[in-house]
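S.K.: Input: one structure, supplied below.
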Amino acid sequence: MTHLDGNVLAGALADIFSVDLTPASARCTGCGAVAQLAEAMVYTNAPGIVARCATCDHVLATVVDAGDRLWLSLTGLSGIELRRA
Amino acid sequence: MSFVTRGFSGRARERDPRLPPGQTLVQDWPVLSAGPTPRIDTAEWEFVIRDETGADHRWSWDELLALGVEDITADIHCVTHWSKLEMPWRGVSVDKLFENVESQYDYVMAHSYGGYTTNVPLEDLLDGRAWIAIEADGEPLDPEHGGPARLLVPHLYFWKSAKWVRGLVMMPDDDPGFWEQNGYHLRGDPWKEERYW
Amino acid sequence: MSADPLTRPDTARRRPAWHVATVAELAPETPTAARLVLDVPTWPGNDAGAHLDVRLTAPDGYQATRSYSIASSGETSRVVLAVDEVPDGEVSPFLVRELRPGDQLELHGPLGAFFVWQPSRDDRPVQLIAGGSGVVPLYAMAASHAAAADPAPFRLLYSVRTPRHVFFADELAALVGPAFDLDLAYTREAPDGRQGDIGRITKDTLAARTIPAARRPQVFVCGPTGFVEAVASWLRALGHAAADIRTERFGGT
Ligand SMILES: Cc1cc2nc3c(=O)[nH]c(=O)nc-3n(C[C@H](O)[C@H](O)[C@H](O)COP(=O)(O)OP(=O)(O)OC[C@H]3O[C@@H](n4cnc5c(N)ncnc54)[C@H](O)[C@@H]3O)c2cc1C
Ligand SMILES: [Zn+2]
């Protein structure tokens, strides 16, 4: 299976955050492109979920789910812009 | 709040004493991908070992093959719970690559085309336990499965068997690679079920 | 409609949560797909286009989770899904063939605030482009658009194998009117008399049969990953801005 869209991150992230992060804009630390997380390319057929920049393929975020524990890395993102509803 | 879903058993999971805990036997070979698949021509392919002095030891594709390709039969165990038993492989023993490399460092970071990394203790790569694999199931390794060459360390979870491997960098400490930074175990022994931190 | 912020459903309060659903009805949707009507008493409602995650648990604790778009929308505790069976798949054959009315499922949702459509006050046109089961969230948008009597002109270009493989065939046909245009593109077999039109969607199909970029439509594309990939790149080539194109890839090739 090839990649999916950032929308698919909503389920994994909703377990952690009280707002839906997928429409949030953020800056790629690889190339500087600013895009909504929902626009990332998401690979789910892997030991964890990997979201990559649609512009440069840089890894933006990973989610590793061990059932009772979960690891979230957002090291490929800077300046995550969240809007109040 | 999880409850058992009536009638659901998942993909058939067979029990076999050769399966480490929590693993399921598969007949096909699932493709996992965490990014775009790099496609590297063997004419451009190159393998590098970098030691603590910063010196590079390099092999072209033909030079790698000239070290001697051996037949391997291995069980592989993916951390996503599937295993394949007695899989035929062909590859070059990592021992051959280290014959002329001097290093005091005990750890290695494997680097791949496409940017993937994974850390492995050097002793897990030596003594006939690891290969640079170029064929599986009697066929040249498909790019989807890491071709032209992937690391093969069958006694550790399969994420350590880096696809599209391009080199090894010696390290004084066991610094974490890609998955190891993001939740997975530093060593990954399937028999000890070392899946996560 | 949504002009009054006080009557507008508060989507921010539709926080995703885990829910227990009971299967109320099951019916074949196409020769390979089933429609699932679920009773979810705790469901907060959802925007058109949102999805949810279904989690199945085996007796030994093994779990499998998959995403499914929601065909229903608005304030309702009846959640409608349509699932196409992927041969040799782990979850979809179970949902299509093994599930029975009365069975319980774990759901996580509603999810996704990006690939959703909400009634608007502007009349910017909306172009929907679906491949196969990818029509599910787009059907939800078209139905919600009709229910809201929203003025924006809607068009759906729907690539599908044969007339028997059309999801929500009757419901879509019933929506057709001045503000909704339905255009079916058959890849294997067309209804009588249209055999000349058979084939996969190409860049030329898009140029001839979708709202032109000059009218700045909001475009939603959904279907198998390969389909979405191809359509999105042709839309860019036809002059649509990246920001005007929203995609939902279902996976596969
Ligand atoms: C946001 C989102 C919404 C979705 N909505 C729907 C929906 O409304 N209706 C629906 O039927 N499906 C939908 N899907 C797809 C669904 O999540 C599953 O991928 C699909 O049901 C297959 O799951 P499986 O367990 O049966 O197959 P798996 O066991 O996961 O896969 C079996 C084989 O099929 C391939 N495969 C996986 N997914 C697909 C696919 N979608 N198409 C073709 N081949 C595939 C795999 O690569 C693998 O080789 C959606 C996916 C996403 C990300
Ligand atoms: Zn980038």
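S.K.: Inspect all residues belonging to the stretch A:74-85 and state whether any of them is more than 21 Å from C:LEU56 (Cβ to Cβ), within 12 Å of chain C (Cβ to nearest Cβ) and in a strand (DSSP E or B).
M.R.: So far as the stretch A:74-85 goes, no, none of its residues is more than 21 Å from C:LEU56 (Cβ to Cβ), within 12 Å of chain C (Cβ to nearest Cβ) and in a strand (DSSP E or B).
S.K.: Being more than 8 Å from ligand 2 (Cβ to nearest atom) and open to solvent by less than 60 Å² (accessible area, probe 1.4 Å) is the filter here, so list the residues in the stretch A:53-67 that pass it.
M.R.: Matches in the stretch A:53-67: A:VAL59, A:ALA61, A:THR62, A:VAL63, A:VAL64, A:ALA66.
S.K.: Something else now. Please verify whether the stretch C:177-195 includes one or more residues that are part of a helix (DSSP H, G or I) and either in contact with a strand residue (DSSP E or B) (Cβ under 6 Å, 6 or more places away or on another chain) or within 16 Å of ligand 2 (Cβ to nearest atom) (or both). Step through it out loud before you land on a result.
M.R.: First, the residues of the stretch C:177-195 that are part of a helix (DSSP H, G or I): C:195.
Then drop every residue that is not either in contact with a strand residue (DSSP E or B) (Cβ under 6 Å, 6 or more places away or on another chain) or within 16 Å of ligand 2 (Cβ to nearest atom) (or both), which leaves none.
Taking every residue of the stretch C:177-195 in turn, none turns out to be part of a helix (DSSP H, G or I) and either in contact with a strand residue (DSSP E or B) (Cβ under 6 Å, 6 or more places away or on another chain) or within 16 Å of ligand 2 (Cβ to nearest atom) (or both).
S.K.: So, in the stretch C:199-253, of the ones that are open to solvent by 60 Å² or more (accessible area, probe 1.4 Å), at pLDDT below 95 and over 27 Å from C:ASP123 (Cα atoms), which residue ends up farthest from the other protein chains (Cβ to nearest Cβ)?
M.R.: C:ARG200
S.K.: Sticking with this structure for a sec: Does the stretch C:102-116 hold any residues that are away from chain A (no Cβ under 14 Å) and crowded, with 20+ Cβ neighbours inside 10 Å, and which are they?
M.R.: Pass one, the stretch C:102-116, residues away from chain A (no Cβ under 14 Å): C:102-105.
Passing the criteria: only C:LEU105.
S.K.: Among the numbered conditions (1) farther than 30 Å from C:ALA152 by Cα; (2) open to solvent by 40 Å² or more (accessible area, probe 1.4 Å); (3) assigned to a loop (DSSP other than H, G, I, E, B), tell me where C:THR65 comes up short.
M.R.: For C:THR65, the exception is condition (3).
S.K.: Would you check which residues across the stretch B:1-59 are hydroxyl-bearing (Ser, Thr, Tyr) and within 14 Å of chain A (Cβ to nearest Cβ) and list them?
M.R.: B:SER2, B:SER33, B:THR37
S.K.: Further question: Would you check which residues across the stretch C:153-197 are of a type in the set (Val, Ile, Thr), in contact with a Lys or Arg (Cβ under 7 Å, 6 or more places away or on another chain) and open to solvent by 20 Å² or more (accessible area, probe 1.4 Å) and list them?
M.R.: The answer is C:THR187, and nothing else.
S.K.: Which residue out of C:VAL166, C:VAL79, C:VAL91 is among the β-branched types (Val, Ile, Thr) and assigned by TED's automatic domain parsing to the domain that holds C:HIS240? Spell out how you get there, then give the answer.
M.R.: On the way: C:VAL79 fails: assigned by TED's automatic domain parsing to the domain that holds C:HIS240; C:VAL91 fails: assigned by TED's automatic domain parsing to the domain that holds C:HIS240.
None of the other options fit; the residue is C:VAL166.
S.K.: Any residue that is within 21 Å of C:VAL54 (Cβ to Cβ), more than 10 Å from ligand 1 (Cβ to nearest atom), open to solvent by 10 Å² or more (accessible area, probe 1.4 Å) and part of a helix (DSSP H, G or I) - is there at least one of those in the stretch C:87-101?
M.R.: yes
S.K.: Have a look at B:ASP41, B:ASP56, B:ASP28 and point out the one that is exposed (fewer than 12 other Cβ atoms within 10 Å of the Cβ) and more than 21 Å from B:VAL153 (Cα to Cα).
M.R.: Details: B:ASP56 fails: exposed (fewer than 12 other Cβ atoms within 10 Å of the Cβ); B:ASP28 fails: more than 21 Å from B:VAL153 (Cα to Cα).
B:ASP41 is the lone residue from the list that is exposed (fewer than 12 other Cβ atoms within 10 Å of the Cβ) and more than 21 Å from B:VAL153 (Cα to Cα).
S.K.: Name the residue, out of A:LEU4, A:LEU21, A:LEU37, A:LEU77, that is more than 13 Å from ligand 2 (Cβ to nearest atom) and closer than 30 Å to B:GLY146 by Cβ. So that I can check it myself, show each step before the final result.
M.R.: On the way: A:LEU21 fails: closer than 30 Å to B:GLY146 by Cβ; A:LEU37 fails: more than 13 Å from ligand 2 (Cβ to nearest atom); A:LEU77 fails: more than 13 Å from ligand 2 (Cβ to nearest atom).
None of the others qualify; the one that does is A:LEU4.
S.K.: How many of the residues in the stretch C:238-253 are closer than 20 Å to C:ALA82 by Cα and of a type in the set (Lys, Arg)?
M.R.: So the answer is 1.
S.K.: I'd like to verify a number: residues in the stretch C:70-86 that are crowded, with 22+ Cβ neighbours inside 10 Å and modelled with pLDDT under 95, how many?
M.R.: Total satisfying the criteria: 0.
S.K.: For the condition over 15 Å from the mean Cα position of the chain (by Cα) and within 20 Å of A:LEU37 (Cα to Cα), what is the one hit in C:ALA208, C:ALA232?
M.R.: Among C:ALA208, C:ALA232, only C:ALA232 is over 15 Å from the mean Cα position of the chain (by Cα) and within 20 Å of A:LEU37 (Cα to Cα).
S.K.: Then there's this: Answer with yes or no whether B:ARG129 is open to solvent by 50 Å² or more (accessible area, probe 1.4 Å) and closer than 25 Å to A:ILE49 by Cβ. Talk me through it step by step, then tell me what you get.
M.R.: Numbers: open to solvent by 50 Å² or more (accessible area, probe 1.4 Å): yes; closer than 25 Å to A:ILE49 by Cβ: no.
So B:ARG129 does not fit the description; no.
The values are calculated or read from the model by the stated rules, or taken from the named source; none is laboratory data. On a predicted model such as this, the values are computed, not experimentally measured, just so you know. When we count neighbours, we look across all protein chains shown, and the Cβ atoms used for this are built from the backbone with ideal geometry, even at glycine. Heads up: the accessible areas ignore ligands, DNA and RNA and are worked out on the full protein's heavy atoms, side chains in. Shrake-Rupley method; radii C 1.70, N 1.55, O 1.52, S 1.80 Å.
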